[in-house]
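Please read the structure below before turning to the comments.
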Amino acid sequence: MNIAIIGTGNVGGALATNWSKKGHTINLGVQNVSSFKGIELLKNNNTKVFSISEAVAKSEVILIAVPPTVIFEIIEQLGDVSGKIIIDATNSVRQAPDPYKTVYHCLADKTKAEIVKCFNSTGFENMLNPVYNGEGIDMFMAGDSEKAKSVATQLALDAGFGSCLDFGKADKVELLEKFALSWINLAIMQGQGRNIAFKVVRR
Ligand SMILES: NC(=O)c1ccc[n+]([C@@H]2O[C@H](COP(=O)([O-])OP(=O)(O)OC[C@H]3O[C@@H](n4cnc5c(N)ncnc54)[C@H](OP(=O)(O)O)[C@@H]3O)[C@@H](O)[C@H]2O)c1
């Protein structure tokens, strides 16, 4: 797949690295092509840097991994994203893109893209290495687009996750952000450390 990475920091960098290893074409979309967080990602295979609008134009899948409040600036640079897949990895747990509750809701209102919330529910270290004791941990997704969920599932498996569990439709997007906050609570506030992850077990 041709994937635009908007936000090339901790989360965007980890996923760009794993997806490039799987042979995907990575189009980093940045504000300043000569100076940006994650410039070392250009050493990865199949990875180039462009302006945000150029990266989006070249891609059928767009990962959004920026602070939630800058989504309005980003949307102005997206161009026509009708029918494209947008994966929203942001968490509005500290600051929401007012008047919207989440970036997902903002994108759903302002674009005609196929949108899914995914890659938000664990730390970026787990996105770089999702394997614990030889087994891939779980990723989770929510949203109304089955097409976007199918792409997110494939990309979660390609990144090394064991599965991508469906949290439900758009009405579960905020719950999935609260789930991310539960990981943040355990890892950081309760002091368990960032090398912890969620996995659903069955009998
Ligand atoms: N950190 C985690 O473990 C984690 C886990 C799950 C979800 N998340 C969520 O993922 C998102 C990104 O977190 P992160 O830790 O990856 O952040 P980060 O390392 O600080 O990276 C943020 C990225 O956003 C870009 N950016 C900032 N303002 C921008 C703007 N106005 N236009 C275009 N790009 C802009 C930055 O680009 P420049 O370098 O050019 O400024 C940078 O590439 C947040 O919403 C966060 O809640 C984080």
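Rule-based calculations on the coordinates, nothing more; no lab input. These numbers were taken from a predicted model, which means no experiment stands behind them. Quick reminder, even Gly has a Cβ in these numbers, built from the backbone with ideal geometry, and neighbours come from all protein chains shown.
222 nm [θ] for the chain, helices only, -39500 (n - 2.57) per DSSP H run of 4+, per residue, to 500? Don't jump to the answer; show the numbers that get you there.
Numbers: 7 runs with 65 residues, N = 203.
Theoretical 222 nm ellipticity from helices: -9000 deg cm²/dmol.
Under 14 Å from the Cβ of Asp166, count the other residues' Cβ atoms, weight Lys and Arg +1, Asp and Glu -1, and hand me the total. Value of the local net charge: +1. Counting Lys +1, Arg +1, Asp -1, Glu -1, what net charge surrounds Glu76 among other residues with beta carbon under 15 Å of its beta carbon? Charge balance in the 15 Å sphere: -3.
Cα-Cα over 22 Å: which of Lys37/Lys178; Lys43/Lys117; Lys112/Lys172; Lys58/Lys101? Kindly include the intermediate steps, with their values, before the conclusion.
On the way: Lys37/Lys178 27 Å; Lys43/Lys117 28 Å; Lys112/Lys172 20 Å; Lys58/Lys101 29 Å.
Table pairs above 22 Å Cα-Cα are Lys37/Lys178; Lys43/Lys117; Lys58/Lys101.
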